[in-house]
1. Could you please tell me which pairs satisfy a Cβ distance under 7 Å, a separation of 6+ or placement on different chains, a first residue in region 50-64 that is under 22 Å from Val16 (Cα atoms), and a second residue that is part of a loop (DSSP other than H, G, I, E, B)?
2. In the list Lys9, Lys61, which residue meets the criterion of being charged (D, E, K, R), surrounded by 12 or more Cβ atoms within 10 Å (Cβ to Cβ) and out of contact with any helix residue (DSSP H, G or I) (no Cβ under 8 Å at 6 or more places or on another chain)?
3. Under the condition of being out of contact with any Asp or Glu (no Cβ under 7 Å at 6 or more places or on another chain) and surrounded by 11 or more Cβ atoms within 10 Å (Cβ to Cβ), which residue from region 30-45 is farthest from Val16 (Cα to Cα)?
4. Just checking, how many residues over region 23-43 are of a type outside the set (A, V, I, L, M, F, W, C) and in contact with a strand residue (DSSP E or B) (Cβ under 6 Å, 6 or more places away or on another chain)?
5. If you check Arg17 against the conditions, is it free of Cβ contacts under 8 Å to residues at least 60 places away in the same chain and in contact with a Leu (Cβ under 7 Å, 6 or more places away or on another chain)?
Amino acid sequence: MRYQSSRPKRQFLSGVRCPKCQELDAVVQVQIMTPEPDEYIECTQCGHTEHRPDPNNISAKNNLEDQLTRDAMVTGTSGTVKFKT
């Protein structure tokens, strides 16, 4: 069994911009093992933190977008506005 430290593991993400302040190379990925496993990113410049999106929410959003695309194909509209002359 590997030794697990109780301290958070911090790893800089090279080439990543902060979603809030847009600072380059200021984002770290933080992994916490105790008391419950958690993972998020944090900006070292502005302090912005962001958790990974829930996979169920992403799946629901993608399904909705796919359904809208299928509906547009059935009705024959592509979402483009055409002006009659």
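Taken together, the values in this text are just the output of simple stated rules run on the coordinates, not laboratory data. As the structure is a prediction and not an experimental result, all values here were calculated from the model. Cβ atoms come from the backbone with ideal geometry, glycine included; neighbour counts cover every protein chain shown.
1. These pairs meet every condition: Glu50/Pro19.
2. Going through Lys9, Lys61 in turn, just one is charged (D, E, K, R), surrounded by 12 or more Cβ atoms within 10 Å (Cβ to Cβ) and out of contact with any helix residue (DSSP H, G or I) (no Cβ under 8 Å at 6 or more places or on another chain): Lys9.
3. Checked region 30-45; the qualifying residue farthest from Val16 (Cα to Cα) is Thr34.
4. Going through region 23-43 one residue at a time, the tally reaches 6.
5. Spelling it out, Arg17 is indeed free of Cβ contacts under 8 Å to residues at least 60 places away in the same chain and in contact with a Leu (Cβ under 7 Å, 6 or more places away or on another chain).
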